[in-house]
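The values are calculated or read from the model by the stated rules, or taken from the named source; none is laboratory data. From a predicted model like this one, the values you see are computed outputs, not experimental measurements. Glycine gets a Cβ as well: all are built from the backbone with ideal geometry, and neighbour counts include every protein chain shown.
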Amino acid sequence: MQRRNFVKSTVGLAGAAVSGESLTNNWHSQPNFLAKNSFKLKYAPHFGMFENSAGKDLIDQLKFMADMGFTALEDNGMMGRDPATQTKIGEEMAKLGMTMGVFVLDKGGNSQNTLAAGKQEYIDIFLNGCRKAVETAKRVNAKFTTVVPGDFERNLPIGIQTGHVIDALRRGADILAPAGLTMVLEPLSDTPNLFLRTSDQTYEICRAVNSPSCKILFDIYHMQKNEGHIIPHINWCWSEIGYFQIGDNPGRNEPTTGEINYKNIFKYLYQKQKEAGKEFIFGMEHGKSQKGKEGEVALIKAYVESDSFTV
């Protein structure tokens with residue numbers, strides 16, 4: 001579908017949402033609502049993002065995403081779903097031609113453990129999570145799992161902590177690599193207590209682990225908060241980046257709602273990955289600036305606008 005037709009259809013979708021006309025579970029029967037777009041990049045929504053339009057059923061949500069032109073999915077909570085549901089999601093994504101993005105590596109219910117401490121009990125939890133991640137990945141055909149090393153261990157020198165993290169990640173990579181699964185390390189801005197905070201620190205650790213199964217998850221929202229200078233940092237860390245995530249700042253909502261010029265960043269990344277012969281997944285790990293169906297329409301329109309760069 002050409003872009004002008006997409007915009008026209010999106011306006012129709014917005015009109016239905018504003019007037020209260022139901023889109024749930026019946027968008028397939030209403031061609032004027034099928035606003036399928038050929039995005040230049042592989043954007044990955046998450047479950048719940050289009051729940052007002054598609055309903056609560058996960059398979060219906062997947063179909064809606066595909067009908068809107070999205071070609072990937074990420075689901076942080078995938079490891080918490082039962083195996084039958086995982087398999088069902090994986091099979092439906094295969095039918096729709098969608099790619100599975102990241103899911104978060106399960107820490108066994110212990111969110112406080114930190115690999116920086118070097119404690120065997122924490123390492124065992126992490127390695128057990130790696131083994132379970134391999135099984136989950138098989139069901140949904142996933143290639144990436146998100147790993148956050150945890151908090152600083154403040155009674156240890158930073159070099160010792162870094163060594164502990166590298167040692168643990170090497171062991172994890174040995175489990176993941178044979179299955180073709182890559183852990184992507186995510187530096188975060190949620191709290192200064194976190195061990196992993198910047199892209200250059202993550203780059204250094206990935207170089208030390210020295211495995212194709214240990215790369216950087218470059219979350220543009222978090223990196224804008226922690227370091228800024230987004231395009232140069234992407235360029236410096238390029239060889240170790242495995243995955244991107246999106247969110248505007250402030251607010252952590254869709255592109256165009258904050259200070260980040262996503263159109264320029266997307267254009268840069270489109271050209272960069274084309275030159276490198278790569279295709280990255282861009283996880284839409286953010287909220288919506290507006291509620292209800294209107295917010296879901298606004299989100300789609302924001303991606304249309306941000307993806308409309310000239311190449």
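Would you pick out the residues in segment 246-299 that are of a type in the set (A, V, I, L, M) and either in contact with a Gly (Cβ under 7 Å, 6 or more places away or on another chain) or surrounded by fewer than 18 Cβ atoms within 10 Å (Cβ to Cβ) (or both)?
So in segment 246-299, the residues of a type in the set (A, V, I, L, M) come out as 246, 260, 265, 269, 276, 281, 284, 297-299.
Scanning segment 246-299 gives Ile246, Ala276, Ile281.
When only residues in segment 62-75 that are outside any helix (DSSP H, G or I) and either in contact with a Phe, Trp or Tyr (Cβ under 6 Å, 6 or more places away or on another chain) or of a type in the set (Asp, Glu) (or both) count, which is farthest from Val304 (Cα to Cα)? Working first, answer last.
Step one: filter segment 62-75 for residues outside any helix (DSSP H, G or I), giving 68-75.
The next check asks that each one be either in contact with a Phe, Trp or Tyr (Cβ under 6 Å, 6 or more places away or on another chain) or of a type in the set (Asp, Glu) (or both); those that pass are 69-70, 74-75.
Values: Gly69: 10, Phe70: 11, Glu74: 19, Asp75: 22 Å.
Checking each candidate, the answer is Asp75.
Any idea which residue in segment 40-97 is surrounded by the fewest Cβ atoms within 10 Å (Cβ to Cβ), counting only those that are closer than 21 Å to Lys132 by Cα and among the acidic types (Asp, Glu)?
Per the stated criteria, the residue is Asp82.
Being under 28 Å from Asp219 (Cβ atoms), modelled with pLDDT of 95 or more, surrounded by 14 or more Cβ atoms within 10 Å (Cβ to Cβ) and not hydroxyl-bearing (Ser, Thr, Tyr), is that true of even one residue in segment 22-38?
No, every residue in segment 22-38 fails to be under 28 Å from Asp219 (Cβ atoms), modelled with pLDDT of 95 or more, surrounded by 14 or more Cβ atoms within 10 Å (Cβ to Cβ) and not hydroxyl-bearing (Ser, Thr, Tyr).
Step by step: first the residues of segment 41-61, then only those that are not in a loop (DSSP other than H, G, I, E, B) and not polar (S, T, N, Q), then the one that is nearest to Thr146 (Cα to Cα). Which residue is that?
Step by step, filter segment 41-61, then rank; the result is Ala44.
I'm trying to understand the selection: among the residues of segment 237-259, which are over 24 Å from Leu181 (Cα atoms) and touching a residue at least 24 places away in the same chain (Cβ under 8 Å)? Step through it out loud before you land on a result.
Initial filter on segment 237-259 (over 24 Å from Leu181 (Cα atoms)): 247-259.
The answer is Gly247, Asp248, Asn249, Gly251, Arg252, Asn253, Glu254, Pro255, Thr256, Thr257, Glu259.
Kindly provide the set of residues from segment 163-192 that are in a helix (DSSP H, G or I), within 16 Å of Ala116 (Cβ to Cβ) and in contact with a helix residue (DSSP H, G or I) (Cβ under 7 Å, 6 or more places away or on another chain), ordered by number.
Selection gives His164, Val165, Ile166, Ala168, Leu169, Arg170, Arg171, Gly172.
Restricting to segment 135-150, count the residues that are under 18 Å from the mean Cα position of the chain (by Cα) and either assigned to a helix (DSSP H, G or I) or over 13 Å from Ile89 (Cβ atoms) (or both). Steps first, please.
Narrowing segment 135-150 to residues under 18 Å from the mean Cα position of the chain (by Cα): 136-137, 140-149.
Narrowing the set further to residues that are either assigned to a helix (DSSP H, G or I) or over 13 Å from Ile89 (Cβ atoms) (or both) leaves 136-137, 140, 143-149.
Final tally of qualifying residues: 10.
Taking segment 178-199, which residues are surrounded by fewer than 20 Cβ atoms within 10 Å (Cβ to Cβ) and either under 14 Å from Gly242 (Cα atoms) or among the polar types (S, T, N, Q) (or both)?
The answer is Gly180, Ser189, Thr191, Asn193, Thr198.
Looking at segment 81-127 only, could you name the residues that are under 17 Å from Thr145 (Cβ atoms), without any contact (Cβ under 8 Å) to a residue 40 or more places away in the chain and not in a loop (DSSP other than H, G, I, E, B)?
Passing the criteria: only Ile125.
Kindly provide the set of residues from segment 262-292 that are within 23 Å of Ser53 (Cβ to Cβ) and either touching an Asp or Glu at 6+ places or on another chain (Cβ under 9 Å) or not in a helix (DSSP H, G or I) (or both), ordered by number.
Going residue by residue through segment 262-292, those that are within 23 Å of Ser53 (Cβ to Cβ) are 262, 281-292.
Selection gives Tyr262, Ile281, Phe282, Gly283, Met284, Glu285, His286, Gly287, Lys288, Ser289, Gln290, Lys291.
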